Each structure stands twice: as C-alpha cells, then as structure tokens.
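Here is the structure we will look at, set down as structure tokens.
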Amino acid sequence: KGFFRNIPFSEKTFPLLPPVLYFSLFQNPRIAFSIPFPFPRALPWIMTAILFGVGIALLRLNTRHRHLFAPLAMILAGGFSNTVDHFTESFTIDYLHIPPISFFNIADILISIGILQLFFQKRRRKT
C-alpha cells in the first residue's frame, strides 16, 4: 500500500478485466467494500477492539479448533492493515473497483474470505 501513497489519485485508473474489474485508487473513509459507518472518528478504535478479540481467540485456539486458525489469521491480517491506514491516514487506500458496486483492497478480500470460511465451517459442523 505504501507504493500507492505516492501516486496522485486522479491519475491512476486502468482496466484489469473490463468491464468488470478496474485498478483505480480511492481514499475510503468507510469500512470494507465502502460500506458507510455512522461514527467515522470511532472507527479505528472499534476496529482495534475487534482485532484484539480476534487476536485473543487466535492465541486461545487448541488442537481441537485448529481449523479456525486460517480464517481468524486472515481476518486479523486484513483488519490490521486497514486499521493502521485508518489511524495514520483516516482512510484506507482501495485500489480495486467493480463498477458500480464498490471499491476494495486485498485486506478487504482477506477479511471477507476469513468470515466466509468461519461461516461455512460452522454450517458444515452442524450437519
């Protein structure tokens, strides 16, 4: 992400998989996938509290629950990256764009995949 900080935001947009996916720099003050958050100044602190909980969960995993390690680690890594951006810049730098839906970055993808893995593992264990 540090590389993108030196590029003017208005100058960099190009197609990756047109018309579906574009590389386009965007300063996102919201949460993942540009979802609005009602208390933007509190966002980094709330994200830190959530990450602290995820980190504690990771540390407390035992061998019986090791299947949770990868999804929790993905959520922690993606969340940490976005939280650092929110503390240092008051926004994240999103660089992938699916028009007209959303802007997002790799950290958002990691968080989403981790949450989906947790959801599907829970459903699989119920059946």
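Brief remarks on what is shown
- Among residues other than G79 with Cβ under 12 Å from its Cβ, the summed charge is -2 (Lys and Arg +1, Asp and Glu -1).
- Calculated over the chain: convex hull of Cα atoms, volume per residue (Å³): 136 Å³
- Here's the picture: charge each Lys and Arg Cβ at +1 and each Asp and Glu Cβ at -1 in segment 20-127, and of N28, I56, M74 the one pushed furthest to the positive end of that dipole is I56.
- Counting 0.36 nm for each residue step from R64 to S90 and taking away their Cα separation leaves a gain of 5.4 nm.
- Ligands, DNA and RNA left out, the accessible area of the chain computed with a 1.4 Å probe is 69% carbon and sulfur.
- Average projected area [Cα convex hull, segment 8-77], square nanometres: 7.2 nm²
The values are calculated or read from the model by the stated rules, or taken from the named source; none is laboratory data. In this text, all values refer to a predicted model and were calculated from it rather than measured experimentally. Neighbour counts run over all protein chains shown; Cβ positions are idealised from the backbone, glycine included. Quick note on the areas: whole protein, heavy atoms, side chains included, nothing else; ligands and nucleic acids left out. Shrake-Rupley method; radii C 1.70, N 1.55, O 1.52, S 1.80 Å.
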